[in-house]
Amino acid sequence: MNKTGLLIVISGPSGTGKGTICKALVHRKDYFVSISATTRNPRVGEVDGESYYFLTKEDFIDRINKDDFLEHAEVYGNYYGTPKSKVLETIESGKDVILEIDIQGALKVKENYPNGVFIFILPPSMEELKNRITKRGTETEESLMTRFKCAYKEINYISKYNYAVVNDTVEEAVNKIESIVLAEKCRVDRIKTTTILDSKEGLIHEQLYD
Ligand code: ADP
Ligand code: 5GP
C-alpha cells in the first residue's frame, strides 16, 4: 500500500505548551516537525535553522512572493511562515508531519489541506496560562499582556478544529495526541486500499477507495 503521511497541526494560544508537547512527541516517535521561518528576534538559546529560520522582513516578503510558504501569518507583530516544499515532500514520502502554528495559519492550512488533523491545545485554566508564559521568562510585560489578551479571542476558534487537548500534564497531552493520530490512521476514508488475507484462501478482499 502506498501510504502518505499525516499532516498534524498543533495550534492554540501562546504559552499553552505547544512547543513542549511537540518536543515530547518527537522523543516518542519519529515525526517530522516543520521548522518555521520568522522575522522575530531569536530568544536566548534559540539556534537559526533549529528553532526557526530567522529572516529579515525583506527576505520573508521575498519568500512570500516566491510562493515558498504553505501558509504565513502576522502573529504578535512579527511574520511567521511554514516552508512548503519540505513539508509536502515529507508527507509524500509517507512520514507524518507536525506543524506548530498559530490559529490564523491553522485555518489557512485547513482551507487548502482539509485532510489534515487539526488539534487545539488548551491550558488547564487562564490563570495557569498566564503563569506558564510568565515562568517561561521570554516575554516583556507588554508582549506577555498582548499574548494573554489574544488568548481570550483565540479560544473562540476552537470549533474550527477536529480535536481539543487540555495540556494538564505533558505526558497526558502527548498520550491523547498519540491516540488521535492512531485513530486517524484507522479512518476508512483515509484508507486507499484494504487487503484482507486468509491463511488458506490467500487474498479474499481488496477494495479501492477514492
Ligand atoms: P507554546 O509553545 O504554546 O508557546 P511552551 O511549550 O513554550 O508554549 O510552554 C510555555 C511554558 O509552559 C514553558 O515554560 C513550559 O516549560 C511550560 N509548560 C508546558 N507544558 C506544561 C505543563 N503541562 N505543565 C507545566 N508547565 C508546562
Ligand atoms: P513564538 O514567538 O512564541 O515562538 O511563536 C508565536 C506564535 O507563532 C505561536 O503561536 C506559534 O505557534 C506561532 N507560529 C510559529 N511558527 C509559525 C508558522 O510557521 N506559521 C504560523 N502561522 N504561526 C507560527
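Annotations for the structure displayed:
- Hey, residue 174 surrounded by fewer than 17 Cβ atoms within 10 Å (Cβ to Cβ), among the aliphatic types (A, V, I, L, M), touching a helix residue (DSSP H, G or I) at 6+ places or on another chain (Cβ under 9 Å) and modelled with pLDDT of 95 or more or not: no
- Test for residue 130: is it surrounded by fewer than 18 Cβ atoms within 10 Å (Cβ to Cβ) and away from ligand 1 (no atom under 11 Å from the Cβ): no
- For segment 183-203, the count of residues that are modelled with pLDDT of 95 or more, touching a strand residue (DSSP E or B) at 6+ places or on another chain (Cβ under 6 Å), aliphatic (A, V, I, L, M) and within 26 Å of residue 28 (Cα to Cα) is zero.
- In this structure, residue 117 does satisfy being of a type in the set (Val, Ile, Thr), in contact (Cβ under 8 Å) with a residue 40 or more places away in the chain and away from ligand 1 (no atom under 15 Å from the Cβ).
- Residue within segment 61-68 that is within 14 Å of ligand 1 (Cβ to nearest atom) and on the phi < 0 side of the Ramachandran plot present: no
- Among the residues of segment 6-20, those identified as hydrophobic (A, V, I, L, M, F, W, C) and either more than 11 Å from ligand 2 (Cβ to nearest atom) or within 23 Å of residue 149 (Cβ to Cβ) (or both) are 6, 7, 8, 10.
- If you go through segment 1-34 and keep only what is of a type in the set (A, V, I, L, M), away from ligand 1 (no atom under 14 Å from the Cβ) and either closer than 20 Å to residue 139 by Cβ or in a loop (DSSP other than H, G, I, E, B) (or both), you end up with 1, 6.
- Evaluation of residue 71 against the conditions (1) touching a Phe, Trp or Tyr at 6+ places or on another chain (Cβ under 8 Å); (2) assigned to a strand (DSSP E or B) shows that the sole unmet condition is (1).
- Checking each residue in segment 57-91 for being within 25 Å of residue 139 (Cβ to Cβ) and away from ligand 2 (no atom under 12 Å from the Cβ) picks out 57, 59.
- Test for residue 173: is it within 11 Å of ligand 2 (Cβ to nearest atom) and small (Gly, Ala, Ser): no
- Every residue from segment 120-129 that is touching a residue at least 40 places away in the same chain (Cβ under 8 Å) and more than 17 Å from residue 180 (Cα to Cα): 123, 124, 129
The values are calculated or read from the model by the stated rules, or taken from the named source; none is laboratory data. Given the structure is predicted, the values throughout are model-derived calculations rather than measurements. Quick reminder, even Gly has a Cβ in these numbers, built from the backbone with ideal geometry, and neighbours come from all protein chains shown.
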